[in-house]
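Notes to accompany the following structure.
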Amino acid sequence: QVQLVESGGGLVQPGGSLRLSCAASRVIFSFLGLGWYRQAPGKQRELVAAITSGGSTNYADSVKGRFTISRDNAKNTVYLQMNSLKPEDTAVYYCNAHPPFSRDEYWGQGTQVTVSS
């Protein structure tokens, strides 16, 4: 079973940066598809960024050019580097993992990101 733990959230001023991390355990990490989602109060959860086992990435239009997703298979960790943060980025951010040949999706507990002056 996939276990995911996010870290790195916090309070930051507009224009600032944060780096989120998500560590996975009890899996063959290199085979996982990985993603970051976020959910603000009263809104639906949305995909922010995703990365495949082969390293291909995609981003929501709202974060293109500002956020970067990456993975370090040796550390079983996926990252989300967030630059030029805006108040609209305020949300709980969740790590998602999709094992190959499985219909299951696994989620971390979430980490709060608040962008406010």
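In table form, for the structure just shown:
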{"read-out": "Residue in segment 63-82 that is closer than 17 Å to Val115 by Cα, more than 13 Å from the chain's Cα centre (by Cα) and of a type outside the set (Val, Ile, Thr) present", "value": "yes"}
{"read-out": "Ser117 being in contact with a helix residue (DSSP H, G or I) (Cβ under 9 Å, 6 or more places away or on another chain), at pLDDT 95 or above and in a loop (DSSP other than H, G, I, E, B)", "value": "no"}
{"read-out": "Selection within segment 95-117 - on the phi > 0 side of the Ramachandran plot and open to solvent by 40 Å² or more (accessible area, probe 1.4 Å)", "value": "Phe101"}
{"read-out": "Leading residue by the ranking (farthest from Phe67 (Cα to Cα)) among those in segment 5-30 that are over 17 Å from the mean Cα position of the chain (by Cα) and open to solvent by 70 Å² or more (accessible area, probe 1.4 Å)", "value": "Arg26"}
{"read-out": "Flag for Leu85 being in a strand (DSSP E or B) and modelled with pLDDT of 95 or more", "value": "no"}
{"read-out": "Every pair of residues 6+ apart whose Cβ atoms lie under 6 Å, when the first sits in segment 102-117 and is under 11 Å from Val92 (Cα atoms) while the second is surrounded by 14 or more Cβ atoms within 10 Å (Cβ to Cβ) and polar (S, T, N, Q)", "value": "Thr114/Thr90"}
{"read-out": "Pick from segment 71-94, criterion of a type in the set (Val, Ile, Thr) and surrounded by fewer than 21 Cβ atoms within 10 Å (Cβ to Cβ), ranking: farthest from Ser17 (Cα to Cα)", "value": "Thr77"}
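Yes/no per residue for (1) surrounded by fewer than 17 Cβ atoms within 10 Å (Cβ to Cβ); (2) among the β-branched types (Val, Ile, Thr):
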site	(1), (2)
Pro41	yes, no
Leu47	yes, no
Ala50	no, no
Asn58	yes, no
Val63	no, yes
Ile69	no, yes
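The values are calculated or read from the model by the stated rules, or taken from the named source; none is laboratory data. Values in this document were obtained by computation on a predicted structure and should not be read as measured data. Note that each Cβ is placed from the backbone with ideal geometry, even for glycine, and that neighbours are counted across all protein chains shown. The accessibility values were calculated without ligands, DNA or RNA, using every heavy atom of the protein model including side chains. Shrake-Rupley method; radii C 1.70, N 1.55, O 1.52, S 1.80 Å.
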